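The values are calculated or read from the model by the stated rules, or taken from the named source; none is laboratory data. All of these numbers come straight from a predicted model, not from anything done at the bench. All Cβ positions, even for glycine, are placed from backbone atoms using ideal geometry, and neighbour counts span all protein chains on display.
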Amino acid sequence: MKSIILSNFHPILVGELFEQEKLNQYTKFLYYHFQNITKLESVASSNKMEDELVSFDYISDQVDKYSISSESINKRQTIIFEGVRNFIENIMQVTSPLDYHFPEGFEVKEGKSSGPKIEVRMEWFKKNMRYVFNQFYSKNETKPENLIHVTCSGYSSPSVAQEAVIERNWSSVQVTHSYHMGCYGAFPAIRTARSLIAASLENGRTDVVHTELLSAHLNLTEFTPANTMICSLFADGFIGYSLYEENSFMNDDSIKDKKGLRIIASHEVIIPDSLEDMSWDLGEYNFLMTLSKRVPVFIRKNIKSFLMALCEKCGVDLDKEKSQMYFAIHPGGPKIIDYVVSEIGISDHQAHWSYDVLRNHGNMSSATIPYILDNIINDATIKSGTKVIAMAFGPGLTATSLLLEKL
């Protein structure tokens, strides 16, 4: 079987990062508007207040209680708010909650409180995501044999990945779409890439590009604890990377820095009796997420045996070797990392890149694990030959993992 290397990671910023504290405050402004819009419209038409407004103090208390604080997430990329950056950064703190600014193109018209429908959001996705491919291929001018596009946040056909290939006259590049798997989406894409290289007669490179424009689906009209948590946790994330057959990677003189991760084994299961606990469905206006309180319980109950099964595939004893390993844990939230660390019996330091990426970027769905792996590859304190376990969880409830080895 061919040995496959993960390398060439390039995180991409489409917009600047927003401070979490300011994003949570902006959420309060929009919640205040949406909870009171019909009452305010009634006052405007009749000069009479029939129902009492939901107070800003109450909304503020609820957001502070249920949102992810700046202690866990410091900054996030949230492209939908770029058009109101000046309001968020400079005006919001000195203005009344009755004053609010909506992102251009996403204004909520009178009498309608859900914003633009899904087709408008998908067009916005397509317009913005071309930039991600342009940035990745400004750093990779040679064409791959295969290109895999990963997203759970926007679709079009032809896709932005096909457009990228067409624009470069790469008519022989095969494009594969790996869509709608949410936070664990990097793992099926990597599995597909391994298979494509295994079947290749030329051992050509396979590129994987993630475009997670999650802010297109923020729902700031639903004033609930669960939605408040979701709106404060998820962020936009964009990254590209490549998979290579190992001999081709080592013999390619154009790759000056031979840094990467060797794939040793993979494992995936669908946890029984958990189908309803996490979902990501199409809605009339945006994609709709549900996340039950049972998810952390399922993860805690199953994670140790799951990772032992991964390691047994290649004769690794998890309990004996875990103290010398490092862990890339998808940060579904700060508590998820804590639970996994506790259940496996490792130190926070062995998973600190997961905490760091969550703190510096938020939960970027499928793009998050690649960000963590990039940090691990570039950490000079991790010696060659060190084993790394990457894991993520998504709708299903699906648990998936990779056992890797640093070059």
* Among the residues of the stretch 243-261, which ones are part of a strand (DSSP E or B) and touching a Ser or Thr at 6+ places or on another chain (Cβ under 6 Å)? -> LEU243
* Asked: For the stretch 155-203, how many residues are in contact with a strand residue (DSSP E or B) (Cβ under 9 Å, 6 or more places away or on another chain) and at positive phi?
  -> 3
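The rows are residues; the columns are (1) under 21 Å from GLU141 (Cα atoms); (2) modelled with pLDDT of 95 or more.
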| site | (1), (2) |
| --- | --- |
| ILE166 | yes, yes |
| GLY182 | no, no |
| GLY185 | no, yes |
| ALA189 | no, yes |
| ARG194 | no, yes |
| ASN203 | yes, no |
| ALA216 | no, no |
| GLU222 | no, no |
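Between SER342, SER323, SER347, SER354, which is in contact with a strand residue (DSSP E or B) (Cβ under 6 Å, 6 or more places away or on another chain) and either on the phi > 0 side of the Ramachandran plot or of a type in the set (Ser, Thr, Tyr) (or both)? Don't jump to the end; show me each part of the working.
On the way: SER342 fails: in contact with a strand residue (DSSP E or B) (Cβ under 6 Å, 6 or more places away or on another chain); SER323 fails: in contact with a strand residue (DSSP E or B) (Cβ under 6 Å, 6 or more places away or on another chain); SER347 fails: in contact with a strand residue (DSSP E or B) (Cβ under 6 Å, 6 or more places away or on another chain).
Step by step, each of SER342, SER323, SER347, SER354 is checked, and only SER354 is in contact with a strand residue (DSSP E or B) (Cβ under 6 Å, 6 or more places away or on another chain) and either on the phi > 0 side of the Ramachandran plot or of a type in the set (Ser, Thr, Tyr) (or both).
Do we find a residue being small (Gly, Ala, Ser) and either surrounded by fewer than 16 Cβ atoms within 10 Å (Cβ to Cβ) or farther than 29 Å from THR78 by Cβ (or both) anywhere in the stretch 353-364? Spell out the reasoning first.
Quick first cut of the stretch 353-364, residues small (Gly, Ala, Ser) only: 354, 362.
Now narrow it down to the ones that are either surrounded by fewer than 16 Cβ atoms within 10 Å (Cβ to Cβ) or farther than 29 Å from THR78 by Cβ (or both): none.
No, there is no match, as no residue in the stretch 353-364 is small (Gly, Ala, Ser) and either surrounded by fewer than 16 Cβ atoms within 10 Å (Cβ to Cβ) or farther than 29 Å from THR78 by Cβ (or both).
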* Looking for whichever is modelled with pLDDT of 95 or more and more than 27 Å from SER242 (Cα to Cα) here; the options are ILE329, ILE377, ILE346, ILE372. Which one fits? => ILE346
* Structure fact -> Restricting the stretch 53-106 to residues that are more than 25 Å from the chain's Cα centre (by Cα), among the β-branched types (Val, Ile, Thr) and not in a loop (DSSP other than H, G, I, E, B), the one surrounded by the fewest Cβ atoms within 10 Å (Cβ to Cβ) turns out to be VAL94
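For the stretch 140-156, give me the residue count where each residue is of a type outside the set (A, V, I, L, M, F, W, C) and within 22 Å of the chain's Cα centre (by Cα). If you could, list the steps in order and put the result at the bottom.
At the first step, the residues of the stretch 140-156 found to be of a type outside the set (A, V, I, L, M, F, W, C) are 140-146, 149, 151, 153-156.
Next, from what is left, pick out any that are within 22 Å of the chain's Cα centre (by Cα): 149, 151, 153-156.
Qualifying residue count, the stretch 140-156: 6.
Here's the yes/no breakdown for (1) crowded, with 20+ Cβ neighbours inside 10 Å; (2) modelled with pLDDT of 95 or more; (3) not assigned by TED's automatic domain parsing to the domain that holds GLN35:
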{"position": "GLU123", "(1), (2), (3)": "no, no, yes"}
{"position": "ASN128", "(1), (2), (3)": "yes, no, yes"}
{"position": "GLN135", "(1), (2), (3)": "no, yes, yes"}
{"position": "CYS152", "(1), (2), (3)": "yes, no, yes"}
{"position": "SER156", "(1), (2), (3)": "no, no, yes"}
{"position": "TRP170", "(1), (2), (3)": "no, yes, yes"}
* Structure fact -> Every listed condition ((1) part of a helix (DSSP H, G or I); (2) of a type in the set (A, V, I, L, M, F, W, C); (3) under 18 Å from ILE303 (Cα atoms)) holds for LEU358 save (3)
* When only residues in the stretch 202-224 that are part of a loop (DSSP other than H, G, I, E, B) and of a type in the set (Asp, Glu) count, which is surrounded by the fewest Cβ atoms within 10 Å (Cβ to Cβ)? -> GLU202
* Structure fact -> Given (1) among the acidic types (Asp, Glu); (2) more than 19 Å from the chain's Cα centre (by Cα); (3) crowded, with 18+ Cβ neighbours inside 10 Å, ASP252 misses just (3)
* Asked: Across the stretch 269-309, what is the number of residues that are in a strand (DSSP E or B), modelled with pLDDT of 85 or more and surrounded by 18 or more Cβ atoms within 10 Å (Cβ to Cβ)?
  -> 0
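Residues to consider are GLY315, GLY332; find the one that is surrounded by fewer than 19 Cβ atoms within 10 Å (Cβ to Cβ), outside any helix (DSSP H, G or I) and not assigned by TED's automatic domain parsing to the domain that holds ALA235.
Within the list GLY315, GLY332, the selection yields GLY315.
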